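First comes the structure, then the notes that go with it.
Computed from the coordinates by the stated procedures, all read-outs in this text should not be read as laboratory data. It should be emphasised that the depicted structure is a prediction, and the values quoted were computed from it without experimental measurement. Cβ atoms come from the backbone with ideal geometry, glycine included; neighbour counts cover every protein chain shown.
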Amino acid sequence: MANRTGLVFLLLPVLYWGALDHPSSSPRWALLSIALPVLWLYCKPQWRNVHWFGVVFLIAVYSTLSFETPWRFTLFALAFIIGTSLERLKPVVVLFFIGIILNIPFVVLQILGWEGVLHTEGPAGLFFNGTFLADAAVLAAISISPLLTLPLAIMALLTALSVSLVAGGKGAIIALGMCGVIAIPNRTIKIVLALTGLLLLATFFVLSGSNSIEVRIPLWVNSLLLIDFFGGSFWALYPTVHDAILPTDKGIFHSYVRPQTAHNDILTISVEFGIIGILSLSALVVGIITGPKKTREDWSAYYGVLAFVFMGLFNFPLFTPTGAFAALLLGYLSRNSVRIFPDPRRIFIRSGK
């Protein structure tokens, strides 16, 4: 089962069709739509009480009027269920990482000026833009690192860092650093590195003149007013629902362009599925990642999920096909969940071997 699932996630970061290579109409979504239902027929999921939060979240998803959103999250739910049934995670993680590596030759060619692969921002390999590639590369590298020896883990992480730097994936780089800080057992070193990282990050944005934060902050602030208890698909209507608190960048928001996400998964989920949606999804994730980690594969899934959550603070990986890989990691890790309301202090405390 793990090998068959791994083949799907080997193809996921490699599939490309220039005419359809877009987040909402990608051959990657087509692969998941065909392969995951087939794999689901063969899986034997392990149910845990914490999974009821996932059921509540899916109810919030299915209450939306659009077709695309329930379809996308149904695929993630299938990946999650398949993850709960896996006896081994390593084959899937290794093959997904190999799929990312297969993008690197295309990145090199794009740096040299080759335009044979259609993409919006590059270098992006076989992805729609560089941000999507960087997110997937960091997710793969962080997930595989606990399964490797220290030298190989460092090589994997440096590979992901290099790809992210070339592709311009700032959110992925930040997530990589945040996971690195959490992995360090010494609390004093954690604090020093975290503060140093924040200082370097602030310096980078000031000196580079990057407008990434300038674009995101208005989206984040203005989206807060759209949150209610049950949620709704307001992206097509905003800002007619309310006046903007902060002016939004005209490059991404004017009469004929509407942002499909808030460039922050937490905010987007809160707007689209309401307070009930974000609370149930948060409870599901927290309840799972605070469970015991017994093996290297448990730690692999744990850090992979953390990286995915951290990237979602700046980007929208939950709304791209490779989010299915994170859903599978979360499903695998949920096998150790035994409580609905775990001690929240254990979220970022490494315990076990």
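Packing, taken as the mean count of other beta carbons within 10 Å per residue, orders the peptides 327-336, 217-226 from highest to lowest as 327-336, 217-226. A simple rule links phi to the HN-Hα coupling: the Karplus curve 6.51 cos²θ - 1.76 cosθ + 1.60 with θ = phi - 60°, which for segment 140-148 gives 5, 5, 5, 5, 7, 4, x, 8, 10 Hz, with x for Gly and Pro.
Checking the table Lys44/Lys90; Lys90/Lys293; Lys90/Lys170 against a 21 Å threshold on Cα-Cα, which pairs fail? Over 21 Å apart, Cα to Cα: Lys90/Lys170.
Near the amide H of Glu121, within less than 5 Å, lie the amide hydrogens of Gly130, all on another chain or at least 5 residues away, with H placed in the peptide plane. In sequence order, segment 121-136 has phi-based couplings of 10, x, x, 10, x, 9, 9, 5, 8, x, 4, 5, 5, 4, 4, 5 Hz under the Karplus curve 6.51 cos²θ - 1.76 cosθ + 1.60, θ = phi - 60°, and Gly or Pro positions carry x. Sequence gap at least 6, Cα distance under 8 Å: using those rules, report the relative contact order of segment 1-114 to the nearest whole percent. With pairs under 8 Å counted, the relative contact order is 47 percent.
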